[in-house]
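What follows draws every value from the coordinates through simple rules; no lab data is involved. Because the structure is predicted, anything quoted here is derived from the model rather than measured. Note: ideal-geometry Cβ built from the backbone for every residue, glycine included; neighbour counts use all protein chains shown.
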Amino acid sequence: MVAFNWKALENFPLLMYILAAKTLILCLAFAGVKIYQSKKIEEKLKREREEKLKKAEKKDD
C-alpha cells in the first residue's frame, strides 16, 4: 500500500495564491511594456509625419 504525505497539501492553497499573484504581475508587466512600446512608435510616426508636412510646405513656398 502506498502511503501519502497529507501534510504536504497543507501549503497547497498558499502556493496557488503565490502562483496566481506571480502570473498576474508578469501579465501586467508585459502589458505595460507593450503599451510603452506602442506609444513610443506612435510618437515617432507623428514626428515623421510633421517633418514631411514641413518639407512639403517649404517646397510649396
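Per-structure values
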| read-out | value |
| --- | --- |
| Neighbour-limited loop hits for chymotrypsin sites (Phe, Trp or Tyr not before Pro), the chain (at most 16 other Cβ within 10 Å; DSSP other than H, G, I, E, B) | 4 |
| Folded to 0 to 90 degrees: helix 12-60 orientation relative to the chain principal axis, Cα | 0 |
| Whichever lysines have a C-alpha closer than 28 Å to that of residue 46, once near sequence neighbours (fewer than 8 apart) are set aside | 34, 54, 55, 58, 59 |
| Distance between modelled label sites at residue 31 and residue 55, nm, 7 Å Cα→Cβ extension | 3.9 |
| Charge dipole of segment 18-60 about the Cα centre (unit charges at C-beta), most positive-ward option of 29, 18, 56 | 56 |
| Kirkwood-Stokes translational diffusion coefficient of the chain, alpha-carbon pairs, 37 °C, 0.692 mPa s, µm²/s | 198 |
